[in-house]
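Everything below concerns the one structure shown next.
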Amino acid sequence: MSATPRVVVVGASAAGLATVEALRRKGHDGPVTVVGAEPYPPYDRPPLSKQVLAGSWPPERTRLRTAEVLEGLGAEWVLGDPATGLDPLSRTVATASGRAVGGDAVVVATGARPRTLPGQEPLTGVHVLRTLDEAAALRADLLDRGGNGRGRLVVVGEGVLGAEAAATACGLGVDTALVGPQRVPMEAQLGPLVGGLLAELHRGEGVRLRLGAAVSGLADDGGGRVRGVLLDTGEELPADTVLVAVGARPETDWLEGSGLEVSDGLVCDAHCRAAEGVYAVGDVSRWYHEGLGRSVRLENRTNAVEQAGAVAAAVLGDERPYVPVPYLWTDQFGAKIQIHGLPSASAEAEVVEGSPEDGRFVVRFRRGSRTEGVLGWNMPKQARQWRREVAEAFAAPSPVGGSPVAG
Amino acid sequence: MNITVDEDKCCGAGQCVLITPEVFDQRDEDGIVVLLDAAPGEEHHDAVRESAQVCPAAAITVDEDA
């Protein structure tokens, strides 16, 4: 590859922006083109289910960089023009408008899109939450209650997004129910100890928890608007507005026919490389984590930026295995929760600092002598200090040895 | 270089402290960023730029001209 590669970044959100910034920070001054599906310059998604949904921030405040800072990066931004195909051999990206953008390196940062429920598409009053427009639509629907009886929100999905959005909506005074198959919120990710405390928190603040029941569908009011959420118990939960937060799937449809391996994400080697000159960053990237000895895909904000740094370095010839300690945070009512590592439901969870009674504590998740993760509940600094144990576990050499090469 | 931080945006991730502990810290009680040095020496500039760019809440602003 030439010393100053021409770089095409597909995706103009946090991961795409971070890739451009990292390239420039590392001294790259060649041409960079960023192709984005949405019409907006890079904006931040975590506030959408918090400050934007709550209305405490105007949507503009989610902009990640000012126009001047973006301008200063010297990249070409092609926005509102989704990529429709990639030829990995010529490293050329085709777009919906008919553009063909070629480079020496292509960085795929197309993110993920929300999963939906069967029968969801034609119904009004049913939302997903990933983009600014979707946040605005949900907020408008929640506020549009005067005389319309649209007071009841059912959030389908008790993972991090569902639990967070339920907390925000409840804080707005909306009659909110949270439904899903787990017994307590986020149980699959965090286990029964923390999940139980989340359930207590939500119940205490007025969220109706209808957990332990799978959702089988949505009921129509006869006029094309949602009327309720159907559970597999046969019950119907009345709803005027529904938020479907049942996870996301990586945005890889446009790579069909490219010959690149897609398997719940664009499959990459330990250097986040899918093929010669083709890399993947952020929610869309499934790469081989040498510390864990397996491939992972992370949907979190911090990874988008950290992985962009690793990929920018690789594009410039400095290839090192990408072995991050995953990190995510969520704010629910008064609880600021920070998670370092990848806890699992079956890990041994123990409060190691503070106490749940005081509303401030750190939980350590262990499997044998290995610390899989730590969680801080209103103890961000202390959680970060415990992170050291997690970092050791994530840096450990893989028991199965070297990394496979992506095909 | 002059650094400003937006405490209201800060989510307490502590990424800045991991990268530039000479310039950033966190409050013990809520993890919000504490700016130890708003105009650090040149030897910290690269790390400060990286801290600002990786901040997951975009809470750090760097004025290069100041």
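The values are calculated or read from the model by the stated rules, or taken from the named source; none is laboratory data. In this text the structure is predicted, and so the values were computed from the model without any measurement. Virtual Cβ from ideal backbone geometry, glycine too; neighbours counted across all protein chains shown. These accessible areas exclude ligands, DNA and RNA; they are computed on the full protein's heavy atoms, side chains included. Shrake-Rupley method; radii C 1.70, N 1.55, O 1.52, S 1.80 Å.
Here are some notes:
- Helix A:301-315 vs. chain A, principal-axis angle (Cα, 0 to 90°, nearest 10): 10 degrees
- Cα-based convex hull volume of segment A:174-262 per residue, rounded to whole Å³: 149 Å³
- At least 30 Å² of accessible area lost relative to the chain alone, listed for segment A:16-51 with a 1.4 Å probe: A:21, A:25
- Counting every pair of alpha carbons in segment A:199-348, the share spaced more than 25 Å apart comes to 50 percent.
- Förster-model FRET efficiency, 35 Å R0, residue A:292 and residue B:35, C-beta, rounded to 0.05: 0.50
- Backbone phi angles across segment A:246-252, fed through the Karplus curve with coefficients 6.51, -1.76 and 1.60 (θ = phi - 60°), yield HN-Hα couplings of 10, x, 10, 10, x, 7, 10 Hz in residue order; Gly and Pro are listed as x.
- Probe 1.4 Å, accessible area per residue of chain A, Å²: 39 Å²
- Of the GluC sites (Glu not before Pro) found in segment A:202-249, those in coil by DSSP whose Cβ has at most 16 other Cβ atoms within 10 Å are A:235.
- Crossing angle, helix A:14-25 versus chain A [Cα axis fit, 0-90 degrees, rounded to tens]: 30 degrees
- Protein accessible surface hidden between A and B, which excludes ligands and nucleic acids, total in Å², probe 1.4 Å: 2000 Å²
- Heavy-atom SASA rank of A:389, B:22 (probe 1.4 Å, accessible area, largest first): B:22, A:389
- Expected 222 nm ellipticity per residue - DSSP helices of 4 or more, -39500 (n - 2.57), all of chain A, to 500: -7500 deg cm²/dmol
- 3J(HN,Hα) along segment A:231-241: 9, 6, 7, x, 6, 10, 8, x, 8, 9, 9 Hz, from the Karplus curve 6.51 cos²θ - 1.76 cosθ + 1.60 with θ = phi - 60°, whole Hz, x for Gly and Pro.
- Straight-distance crosslink candidates among lysines, where the alpha carbon sits under 27 Å from residue A:50 and sequence neighbours closer than 8 are dropped: A:336, A:381, B:9
- Candidates per GluC sites (Glu not before Pro) in segment A:257-347, loop by DSSP, up to 12 other Cβ within 10 Å: A:276
- Percent accessible area from carbon and sulfur atoms, chain B, protein chains only, probe 1.4 Å: 43 percent
- Column: log10 I(q)/I(0), Debye, Cα scatterers of segment A:119-205, q = 0.11, 0.12, 0.18, 0.26 Å⁻¹: -0.32, -0.38, -0.81, -1.34
- With all pairs of different C-alpha atoms in the average, the Kirkwood value for the hydrodynamic radius of the protein assembly as shown is 23.1 Å.
- Volume per residue that the Cα convex hull of segment B:2-63 spans, once the total is divided by residue count, Å³: 66 Å³
- Projecting the Cα atoms of A:341, B:52, A:218 onto the charge dipole of the protein assembly as shown (Cβ charges, centred on the Cα centre) puts A:218 farthest toward the positive pole.
- Percent of Cα pairs exceeding the 14 Å cut-off, where the set is segment A:95-168: 73 percent
- Restricting the calculation to Cα atoms, segment A:32-167 shows an Rg/Rh of 1.04 when the hydrodynamic-style radius is the Kirkwood one.
- Angle between chain B longest axis and helix B:45-54 axis [Cα atoms, degrees, rounded to 10]: 40 degrees
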